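As structure tokens, the structure follows; a few thoughts come after it.
The values are calculated or read from the model by the stated rules, or taken from the named source; none is laboratory data. A quick note: this is a predicted structure, and the numbers were derived from the prediction, not measured. Note that we place each Cβ from the backbone using ideal geometry, even for glycine, and neighbour counts take in every protein chain shown.
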Amino acid sequence: MYRPGRRNLITDIAGLAVGHATDEHVRSGVTAVLCGSGWTAGVDVRGGGPGGRETDALSAENLVGRAHALVLAGGSVFGLAAADGVAAVLSSRGIGLKLSKEGIAIPIVPAAVLHDLANGGDKSWGVSPPYRELGMRALAAADADFALGSVGAGRGAMAGSLKGGIGSSSVDLGEGLIVGALVALNSVGSPMMPDGKTYWAWAFELGQEFGGGGPPKSTMDLSDPAPDESRLAWALRRLQPGANTTLAVVACNADLSTAECKRVAMMAQDGIARAVRPAHTPFDGDTIFAVASGELALAKDLLRAAEIGRIGSAAADCLARAIARAVHES
């Protein structure tokens, strides 16, 4: 019987730390994931309107394939500046690649952003958006324990017509193998069935981590009435390319390669499809990063491929649970 890790957070993978910085005036924020001295990483993008930075550095055919930190941010394109702040602080700590013994540390800080510019906060920042400073603050707050709900990158997020936010979960697969997920949920699709009470992800819940509501009470609850005028107007306001997104990080403590991290990220995308409908629309920027600490050695033969599949499947389940927790905690 699988069970969550001790915290039921992505930081059950030893060495990870997560920090938030929230600007209530702007109604936006940043979430930073610190990966120690640099972990193997990959990324998979499925949404039709993504916004990201340094994702190509995580391609298996390229040189680096590692990340020192990951940044999830509100603010659409302006939020990408949060990674500048994180990179500057890490470099000042001597964390990053060094091309020579005396050279400056060059941190690899991939980032992805969601669109929360129409949420009513004050966005009149002129030529000084707050995200670089928010990135620094999020990094300074990084810890093994962190808040869920309407904080950090999830502060201004929506999930369909519901409040979105930050969610996380983990699972202990036994024999020392831990998998976890972190999500900033700002999707076009809804995490709820048409009854408005049942999570699409209900079947993946462990314990009562998002309320213990269970399955729908009857098939009658699943009838989907035609949208009234107010619901249609809401949908039309939300349906803009790049205006919605599910951003996630999945992690494990196995010794994965960059290509294997990519495979885990690809499999983890199924967690979005299990928990949000519709998913991966032209209006979403769905992006999943996968990182691996390398602490646990996997087999080197065909059994290794089976273990990668097991990790990817668990990552998808964790992400579905994290999505429901994001809504429950918001």
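Would you pick out the residues in segment 183-231 that are of a type in the set (Gly, Ala, Ser), within 23 Å of Asn119 (Cβ to Cβ) and at pLDDT 95 or above? Within segment 183-231, just Ala184 meets the criteria. I'd like the full set of residues that are in a strand (DSSP E or B) and either of a type in the set (A, V, I, L, M, F, W, C) or under 18 Å from Asn8 (Cα atoms) (or both), limited to segment 294-318. Across segment 294-318, the qualifying residue is only Leu296.
Do we find a residue being surrounded by fewer than 24 Cβ atoms within 10 Å (Cβ to Cβ), β-branched (Val, Ile, Thr) and not in a strand (DSSP E or B) anywhere in segment 261-280? Checked against the condition, which is being surrounded by fewer than 24 Cβ atoms within 10 Å (Cβ to Cβ), β-branched (Val, Ile, Thr) and not in a strand (DSSP E or B), segment 261-280 yields no hits at all. Mind checking whether some residue in segment 237-252 is modelled with pLDDT of 95 or more, under 14 Å from the mean Cα position of the chain (by Cα) and surrounded by fewer than 24 Cβ atoms within 10 Å (Cβ to Cβ)? No; the residues of segment 237-252 include none that is modelled with pLDDT of 95 or more, under 14 Å from the mean Cα position of the chain (by Cα) and surrounded by fewer than 24 Cβ atoms within 10 Å (Cβ to Cβ). Of all residue pairs spaced 6 or more apart or on separate chains, none has beta-carbon atoms under 8 Å together with a first member in segment 98-117 that is at positive phi and a second member that is loosely packed, with under 11 Cβ neighbours inside 10 Å.
Criterion applied to His20, His25 was being assigned to a loop (DSSP other than H, G, I, E, B), under 24 Å from Leu114 (Cα atoms) and either more than 15 Å from the chain's Cα centre (by Cα) or not polar (S, T, N, Q) (or both), and the one residue passing it is His25. The C-beta contact set for segment 25-37 (first residue among the basic types (Lys, Arg), second residue surrounded by 24 or more Cβ atoms within 10 Å (Cβ to Cβ), distance under 8 angstrom, 6+ apart or interchain) comprises Arg27/Asp116; Arg27/Arg155; Arg27/Gly156.
Every condition in (1) crowded, with 20+ Cβ neighbours inside 10 Å; (2) free of Cβ contacts under 8 Å to residues at least 12 places away in the same chain holds for Asp12 except the one numbered (2). What tally of residues in segment 152-178 results from selecting those that are within 23 Å of Leu70 (Cα to Cα) and out of contact with any Gly (no Cβ under 9 Å at 6 or more places or on another chain)? Matching residues across segment 152-178 total 1.
Of the residues that sit in segment 282-330 and are hydroxyl-bearing (Ser, Thr, Tyr) and crowded, with 19+ Cβ neighbours inside 10 Å, which one is modelled with the lowest pLDDT? Looking at the filtered set, the residue picked out is Ser330.
Tallying residues that are more than 13 Å from the chain's Cα centre (by Cα) and hydroxyl-bearing (Ser, Thr, Tyr) within segment 30-48 yields 2.
Only one entry in Gly135, Gly103 is among the small types (Gly, Ala, Ser) and out of contact with any helix residue (DSSP H, G or I) (no Cβ under 9 Å at 6 or more places or on another chain), namely Gly103. Set side by side, the residues Ala60, Ala14 differ, and just one is of a type outside the set (D, E, K, R), assigned to a loop (DSSP other than H, G, I, E, B), modelled with pLDDT under 95 and farther than 30 Å from Arg277 by Cβ, which is Ala60. If you go through segment 54-105 and keep only what is among the hydroxyl-bearing types (Ser, Thr, Tyr) and buried (at least 20 other Cβ atoms within 10 Å of the Cβ), you end up with just Ser76.
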